[in-house]
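Here the structure comes first, spelled out in structure tokens, and everything after it is commentary.
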Amino acid sequence: MKSLLFTLRKQWQYHVLLIPAVVVIFIFNYIPLYGLVIAFQRYNPSMGFKSPWVGLDNFIRVFSQPNFVQTIWNTLFIAGFQIIGGIIVPVVFSLLLNEVRKVSAKRVFQTVIYLPYFLSWVILAGVMIDILSRGGIMNTFLSLFDIGPISFLGDPKTFRWTMIVSEIWKSFGFGTVIFLAALTSIDPGLYESAIVDGAKRWKQTWYITIPSIMPIIVLMTILSLGNILNAGFDQIYNLYSPIVYSTGDIIDTYVYRLGIQQAQYSVGTAVGMFKSLIAAFMISMSYYLADRFAGYRVL
């Protein structure tokens, strides 16, 4: 306790700078939590929060719908593979990029792969619709090998994989930067010793590089578990259609349709509350595992 007070006195200027951000978060993130009572009411906008209390009826109604179970499975499937690919692809690409000796070429590659991360899915969705359409570039290319045409965005069987691959493509540049930074912290003396022992590049990578960045890989994987129920609302909302609801509908889009488009505010809030509780548990568990296996602590 004394060390905490000493730190606060020593760094009080930094805490003052945090006040505006804390106020904004409190206003827009904590005060609206009062609205969760809607999940336990038969909400009527004209009556406001004085709407009739129905207890857990909204939750029972949600869980009794078979398409909600499918929605949970779609979310876990898409988010799970996005997390796995979002770790493997950046690690592999950072290892390959680390072997590029020409600095100018390495910077060009970093910029090219990092650029999509800054573009919103509203922009990328328009580009992808043109590329992946039946007459788009992708199907034109596949036709050279007598493949297709493939309905990437209109076939339930391919839609989920299209979402997974496109999200990995968009975000792996950010992960690559993190792992490249981890690679720079490896002691060059380890490689020099390996060369003296006759180790080739593959052996150096397998026995020195990968074990050295393994703590970062474990940390990033564990922290990603908190997003297991976030399959990407912006991406899927801008790319899906009713024909792919069976495999592409996730919890966030389900809540949007119920709460906004169909005006079922109570049911939509109940679904959102369910997701929030599970997400809070997963985030807490991920930080515990990060502390347990990677030595990472928030405080």
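The values are calculated or read from the model by the stated rules, or taken from the named source; none is laboratory data. Keep in mind the model is a prediction, meaning the values are calculated, not measured. Using ideal geometry, Cβ is built from the backbone for each residue, glycine included, and neighbour counts are taken over all protein chains shown. Remember, those area values only see protein heavy atoms, side chains included, never the ligands or the DNA or RNA. Shrake-Rupley method; radii C 1.70, N 1.55, O 1.52, S 1.80 Å.
Annotations
- In Å, descending, principal axis extents of the Cα set of the chain: 78, 72, 31
- Solvent-accessible area per residue for segment 141-299 (1.4 angstrom probe, square angstrom): 55 Å²
- Nonlocal amide H pairs with Gln41, under 5 Å, H built at 1.01 Å: Val54
- Accessible area of the chain belonging to carbon and sulfur atoms, whole % at 1.4 Å probe: 70 percent
- Ordering Leu190, Leu229, Leu17 by accessible surface, largest first, gives Leu17, Leu190, Leu229; the 1.4 Å probe counts only protein heavy atoms, with every chain in place.
- Gaussian network model of the chain, Cα within-10 Å springs - most flexible of Ile137, Ile250, Ile31: Ile31
- Solvent-accessible area of Tyr240, all protein chains in place: 30 Å² (probe radius 1.4 Å, heavy atoms, ligands and nucleic acids excluded).
- Taking all Cα pairs closer than 8 Å and separated by 6 or more residues, the relative contact order of the chain comes to 27 percent.
- Note on Tyr207: accessible area is roughly 150 Å² with a 1.4 Å probe, heavy atoms of protein only.
- Measuring nothing but how far apart in sequence close Cα pairs (under 8 Å, 6+ apart) lie, relative to its length, segment 1-93 scores a relative contact order of 13 percent.
- Ordering Glu192, Glu99 by accessible surface, largest first, gives Glu192, Glu99; the 1.4 Å probe counts only protein heavy atoms, with every chain in place.
- Check: the chain dipole with +1 on Lys, Arg Cβ and -1 on Asp, Glu Cβ, in debye: 600 debye
- Sequence-ordered 3J(HN,Hα) estimates for segment 91-107 from the Karplus curve with 6.51, -1.76 and 1.60 and θ = phi - 60° stand at 5, 4, 5, 5, 5, 5, 5, 5, 7, 6, 8, 7, 4, 4, 5, 4, 5 Hz, glycine and proline given as x.
- Computed with every protein chain present, the accessible area of Ile178 is close to 50 Å² [probe 1.4 Å].
- Bridgeable lysines around Lys10 (alpha carbons under 19 Å apart, same-chain partners fewer than 8 residues away excluded): Lys2.
- Cross-link partners of Lys200 among lysines (Cα-Cα below 29 Å; sequence separation of 8 or more within a chain): Lys102, Lys106
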